[in-house]
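Shown next, in structure tokens, is the structure this report addresses.
The values are calculated or read from the model by the stated rules, or taken from the named source; none is laboratory data. Bear in mind that the values here come from a model prediction, so they are computed numbers and not experimental data. All Cβ positions, even for glycine, are placed from backbone atoms using ideal geometry, and neighbour counts span all protein chains on display.
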Amino acid sequence: MRIVRFTPGPDAGLGQDPLFGVLEDDGLISIISGDPIYSGIQKTAATIALNKVRLLAPIIPRSKVVCVGKNYADHAAEMGGVVPDEPIIFLKPNTSVIGPNDTIVWPEMSERVDHEAELAIVIGRMCKDVPKERVNDVIFGYTIANDVTARDLQKRDGQWTRAKSFDTFCPIGPWVDTDFIPGTQKITATIAGEVKQSAQISDMIFDVPTIINFVSRVMTLLPGDIILTGTPAGIGPMVAGEKATMAIEGLGELTNKLSVR
């Protein structure tokens, strides 16, 4: 099922606080009580049409966003690096997370802001040292992410923290799909109407079980943590004021705009 987080319209009579719901096949959202990661998916009797709400980031992690770098061989090559022997991981702060149709803000200190389309894993329970054969026990679902990067700052700093940590630099959404199974689905990035990235999820060097096993051996994962699984070749600058759409077959599309400087 597809879990959404949203604010209802002013005429819906549901208040203005963010709510969670299940997006049904008929376009209605069945509202659920509480946070589905912590309280489970408990539908109420209330529903609202998808076109009557504003979708938000489906999850706001209370702890962290973990990212995997150079996890597609073609991307490692375009960055001038070799294929790593083990996952390369780094963190983005939870304050970088925004939702679908939110604006990515161009930082004053950067001259180039890049897109990176990625499959994102949402963790559903506290876990540590997860065996590969049990990773499905700790996954709540999957969503789409854009690992936005100030490329000039990444090059200048020689490391990734500042370049990837600005507020608004981690769009995710439009929902979390609890039934999605990663396979050969196509992942793409379309910038101002032009496809810039296109690959299959199965092209990843390290698959989902390997990633979760590795990351959980390094740090405890908490409910709501997000893991970005890496981006394929074709990264490049977004266009100020134009749409940037990250898409994964069977999972949907995530669209944002980059602000004008």
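Summary of computed values
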{"read-out": "Search result, residues across region 56-69 that are surrounded by fewer than 20 Cβ atoms within 10 Å (Cβ to Cβ) and in contact with a Gly (Cβ under 8 Å, 6 or more places away or on another chain)", "value": "Ile60, Arg62, Ser63"}
{"read-out": "Residue ID - surrounded by the most Cβ atoms within 10 Å (Cβ to Cβ), chosen from residues in region 148-182 that are within 29 Å of Ser30 (Cβ to Cβ) and of a type in the set (D, E, K, R)", "value": "Asp177"}
{"read-out": "Ile89 vs. criteria modelled with pLDDT of 95 or more, outside the structural domain of Cys170 (by TED's automatic domain parsing) and not basic (Lys, Arg)", "value": "no"}
{"read-out": "Long-range neighbours under 6 Å by Cβ, at least six apart or interchain, first residue assigned by TED's automatic domain parsing to the domain that holds Ala192 within region 214-238, second surrounded by fewer than 21 Cβ atoms within 10 Å (Cβ to Cβ) and basic (Lys, Arg)", "value": "Ser216/Lys128; Thr220/Lys128; Pro223/Arg125; Gly224/Arg62; Asp225/Lys64; Gly234/Lys196; Gly236/Lys196; Pro237/Arg112"}
{"read-out": "Count - residues of region 2-29 that are modelled with pLDDT of 95 or more and crowded, with 17+ Cβ neighbours inside 10 Å", "value": "11"}
{"read-out": "When residues of region 183-209 are limited to those that are surrounded by fewer than 18 Cβ atoms within 10 Å (Cβ to Cβ) and touching a residue at least 60 places away in the same chain (Cβ under 8 Å), the one nearest to Lys243 (Cα to Cα)", "value": "Lys186"}
{"read-out": "Sole exception among (1) under 27 Å from Lys164 (Cα atoms); (2) more than 21 Å from the chain's Cα centre (by Cα); (3) among the polar types (S, T, N, Q) for Thr44, by number", "value": "(1)"}
{"read-out": "Condition met for Val113 (closer than 16 Å to Phe214 by Cβ and out of contact with any His (no Cβ under 6 Å at 6 or more places or on another chain))", "value": "no"}
{"read-out": "Hits in region 1-54 - residues which are touching a Ser or Thr at 6+ places or on another chain (Cβ under 7 Å) and of a type in the set (A, V, I, L, M, F, W, C)", "value": "Met1, Ile3, Val22, Leu28, Ile29, Ile31, Ile32, Val53"}
